[in-house]
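Please read the structure below before turning to the comments.
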Amino acid sequence: MRLLVSVGAGSLKKNFVRVHVRDHGDDVVVLDKLTYAGRRENLQDVEHEFVHGAIEDPRAVAEAIDGADAVVNFAAETHVDRSIAEPDAFVRTHAQGTYVLLETARARGVRYLQVSTDEVYGSIAEGSFTESSPLAPSSPYSATKAGADLLVSSYHHTFGLDTLICRGSNNYGPYQYPEKLIPLMVLNALHGDRLPVYGDGMNVRNWLFVEDFARGIGHVLEHGVPGEAYNVGGPDECPNIEVVRRVIELTGAGEGLIEYVTDRPGHDRRYSLGSEKVRALGWEAQVRFAEGVERTVAWYRDNAWWWEPIRSGEYRAYYERQYGRALS
Ligand code: TYD
């Protein structure tokens, strides 16, 4: 099979591409405009073709889709805090970009999978969301992702396009840009920088190891029913402060580094996904949080070559804007 894989978080896309090239023998074309989180070196050890361009650019998409049997759209400006500071890129990538990819897939009649997020359902105090729960997004990030999901469904209903939607819970693992909770805390802990916990630290996330999500997306691509959405949730939920304490234990840092900071505006309290539907297709998460977080900390400790250029580059300015203090 030949797959077109479009822009997205470096760590998830890397895992997905690696699994498909290595285990399935697929040809993969990556379309990416290489913004800060989609770095070229993330894929240097995996054979693939590369087209430099944005998904909202119809010419770049037409070039990249040539000969493809399916499109997997990661369509992700990934970080909620950035969507609060600068929403415009989120509207462009998620709304316009998804539209251009859908149109191109429709013209060629190829299967289309949209990678989405549990955040489209909003926050849930108890229980878990199913695929029929209403969409109630609360940030510019999740609202534009929800809009993109609805557009995907409309292309199935209106034009009969073979579409799938895969909604993952919070991903973590190697190669994740350190704006997200776990890699940010790991690198700060390794450097003796403060660990900024939003609000009371009791917001709960449903953690999914990146390799499990990559396999889940591949599973849905292969076995999913056209027109359907599938939740792919992690096996464990955990309040943020416990995640931070676990990182402290694993890095040998001190609890004194924890600093409670001003909460994120509109901060969702809890995410939780029910994944029965994708389980019925035969997918199961394989990595529990205790193991995954240990592997993640070990990877960051051993791979300074990957994060050093990030920590000394644009990220420093981002960090200062976001947290009002400099990194060490
Ligand atoms: P994040 O990794 O940004 O993912 P998401 O917003 O998609 O859930 O954040 C995970 C949780 O960690 C979220 O409740 C916000 C919190 N958080 C902090 O407490 N401090 C931080 O510096 C960051 C980045 C996140």
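Condition first: open to solvent by 10 Å² or more (accessible area, probe 1.4 Å) and either of a type in the set (Asp, Glu) or away from the ligand (no atom under 16 Å from the Cβ) (or both). Now tell me which residues in the range 111-124 satisfy that.
Selection gives Arg111, Glu119.
Take residues that are among the polar types (S, T, N, Q) and modelled with pLDDT of 95 or more and tell me which of the strands (runs of 3 or more DSSP E) falling wholly in the range 1-119 contain 3 or more.
Counting at least 3 such residues, we get 111-117.
Mind listing whichever residues of the range 207-223 are of a type in the set (Gly, Ala, Ser) and either assigned to a strand (DSSP E or B) or within 14 Å of Asn170 (Cβ to Cβ) (or both)?
Gly216
Pull up the range 259-276, narrow it to residues that are of a type in the set (Asp, Glu) and part of a loop (DSSP other than H, G, I, E, B), then point me to the one that is farthest from Tyr198 (Cα to Cα).
Step by step, filter the range 259-276, then rank; the result is Asp268.
Any residue at all in the range 246-258 that's in a loop (DSSP other than H, G, I, E, B), within 13 Å of the ligand (Cβ to nearest atom) and modelled with pLDDT of 95 or more?
No, because not a single residue in the range 246-258 is in a loop (DSSP other than H, G, I, E, B), within 13 Å of the ligand (Cβ to nearest atom) and modelled with pLDDT of 95 or more.
Is there a residue in the range 318-325 that is open to solvent by less than 20 Å² (accessible area, probe 1.4 Å) and modelled with pLDDT of 95 or more?
yes
Mind checking which residues of the range 134-161 are within 16 Å of the ligand (Cβ to nearest atom), part of a helix (DSSP H, G or I) and open to solvent by 10 Å² or more (accessible area, probe 1.4 Å)?
Pro140, Tyr141, Ala143, Thr144
Does Gly127 meet the test of being buried (at least 18 other Cβ atoms within 10 Å of the Cβ) and at positive phi?
In short, no.
Name every residue in the range 162-206 that is more than 9 Å from the ligand (Cβ to nearest atom), open to solvent by less than 10 Å² (accessible area, probe 1.4 Å) and in a strand (DSSP E or B), in order of residue number.
Thr163, Leu164, Ile165, Cys166, Gly168, Asn206
State which residue is farthest from Ser132 (Cα to Cα) when the search covers only the range 229-240 and only residues that are hydrophobic (A, V, I, L, M, F, W, C) and open to solvent by 10 Å² or more (accessible area, probe 1.4 Å).
Residue satisfying both the conditions and the ranking: Cys238.
Mind counting the residues in the range 259-290 that are of a type in the set (S, T, N, Q), within 19 Å of the chain's Cα centre (by Cα) and open to solvent by 40 Å² or more (accessible area, probe 1.4 Å)?
Qualifying residue count, the range 259-290: 1.
The values are calculated or read from the model by the stated rules, or taken from the named source; none is laboratory data. Because the structure is predicted, anything quoted here is derived from the model rather than measured. Note that each Cβ is placed from the backbone with ideal geometry, even for glycine, and that neighbours are counted across all protein chains shown. When the accessible area is computed, the model is the full protein with side chains, heavy atoms only, and any ligands, DNA or RNA have been set aside. Shrake-Rupley method; radii C 1.70, N 1.55, O 1.52, S 1.80 Å.
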